[in-house]
Structures are given as structure tokens and as C-alpha cells.
Amino acid sequence: NGGFYVDPEAKLLFIIRIRGINAVGPKTRKILQLLRLRQIFNGVFLKVNKATINMLHRVEPYVTYGYPNLKSVKELIYKRGYGKLDKQRIALTDNSIVEQALGKYNIICVEDLIHEILTVGPHFREANNFLWPFQLKAPLGGLKKKRNHYVEGGDAGNREDYINQL
């Protein structure tokens, strides 16, 4: 009946911190801590809702973010995934670690974890909290211009699907 097909709004964000802490206001600093982005090139997954969008607007100059696809979520978790077990950072070497921490939410293997994160399922919060913030390497060839927004040819802010290339 003459309607348009619109892609559903992305539900999952991946956020990477790209700037240090110097001369950052206390509110902004607090938000970066709440997002668990305490070091440069730390990355976390985040659910998209009104609250997180507002938080992102505050810290936009210090982070870059976008909508990850299945391939990059998989690669991140398999290659750089660490879990939190008894407040310890533990490499996700096998499924028993995941089962031990998230078995009660019916997440028993790494694939379940990836599925829960990607689909932003009912236990996304627990699953995401179990994942230690990803410690990434600086991109090959470095960043273009940390100070400018992505739209202005810089690196900060929302890069939508291009987060996968980064």
C-alpha cells in the first residue's frame, strides 16, 4: 500500500575510546567510567536506548562507535574476548567458563554469548557485564584525526557500519 521498507533501527552499538583523559570535564569522565571505557582503545558493546544515546552525546568527542555486524562481533569475542569470573579477567578459552558464569541464564557456550549480544536478547545486560571491556590495538596506519567528528573526516563520533572496518 505504497509504504517504504525501512531497515529496523540498529539495537547494538560497539564503542571504542580514542582519546585520553586530559582536560575532560567531571561529568564526561564519569560517563566514560560508567561505559567501562577507562583506557584508550577499550571497546564495549552497548544497547541502544534513550539513556545510552544521551550519554553518547556527552562523550562523543572521546569515542567512536557504530553498529557491528555478526562477523565483527564473532571475531571480537573469539579473538579478544575475556570473561569476568569472581572479579578476575579470564580468557574465553572454552565453553565451561561461559557456562559457569551465565549458565543460569541459559547461555552455555560462546556461540550463545555471541547470539545474546548480537540480538540484544533478554539477558544482554548479564552477558555484556560478563564480558570484560575489549582491549584493542590501535588501527594500522593510525587514526586520521582524533579531534574531528567522523563526518568532518575525523575519527570521533558515529561511524555506523564502518565500525566493522576499524
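Give me the one-decimal nm value for the distance between modelled label points at Lys104 and Arg125, 7 Å along each residue's Cα-to-Cβ direction. It is 1.4 nm. With the convex hull of its Cα atoms as the shape, region 82-130 has an orientation-averaged projected area of 2.9 nm². Applying 0.36 nm per residue to the separation of Lys27 and Glu75 and subtracting their alpha-carbon distance, the gain on full extension is 14.0 nm. Within region 20-82, none of the trypsin sites (Lys or Arg not before Pro) combine a DSSP coil assignment with at most 10 other C-beta atoms in a 10 angstrom radius.
Every number here is computed from the coordinates shown, using simple stated rules; none is lab data. Being a predicted model, the structure only gives us computed values, none of them experimental. All Cβ positions, glycine included, derive from the backbone under ideal geometry; neighbour counts span all protein chains shown.
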